[in-house]
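Here is the structure we will look at.
Just so you know, all these numbers are worked out from the coordinates, no wet-lab data involved. Given the structure is predicted, the values throughout are model-derived calculations rather than measurements. Virtual Cβ from ideal backbone geometry, glycine too; neighbours counted across all protein chains shown.
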Amino acid sequence: MDKSIIVVMGVSGSGKTTVGAMLAGRLHWVYAEADDFHPLANIEKMAAGHPLTDEDRKPWLAAIGAWIDKQIEAGQPGVVTCSALKRAYRDELRAGRPEVRLVYLHGDRDLIAARLASRHGHFFHADMLDTQFRDLEEPTPEEQVLVVPISGTPAEIVAEILADLG
């Protein structure tokens, strides 16, 4: 796992930022937050309460892919968050990158909605959660994505990821 790039994925509110940052800290790896890769137009669109389209996500996914490539070229492992809601997005992030390992933070809509309701200062509107679940294509077994339930504390979730990824 020492040269891996771990992509922590899931719908908004599933804990990607908290778990991803904590995981990177535990591993002493570089961490990157998916929201930092969005073009301003995407942030403004979501802040206005409009969900992103596949077309909107193209430059965002390309930027995350470029970050992954930079880490791989430098021989530096890292953790990056990305909703990666659709199989096509996950395939794009892994294309030609055997170092990429995906971790899916899985939770039900009610739990995630409660988390979003208590989150303040983020551009993602809680009322857009249904669009995320509508777009979500749950990873299938052949994708070899580590599925981790979000029912535990962030520390418990990170411990499970570390144990499962070895």
Is it true that residue 3 is more than 22 Å from residue 99 (Cβ to Cβ) and out of contact with any Lys or Arg (no Cβ under 7 Å at 6 or more places or on another chain)?
no
Segment 33-73 - residue that is of a type in the set (S, T, N, Q) and in a helix (DSSP H, G or I) and, of those, surrounded by the most Cβ atoms within 10 Å (Cβ to Cβ)
71
If we scan segment 75-85, do we find a residue that is touching a residue at least 12 places away in the same chain (Cβ under 8 Å) and in contact with a Pro (Cβ under 7 Å, 6 or more places away or on another chain)?
no
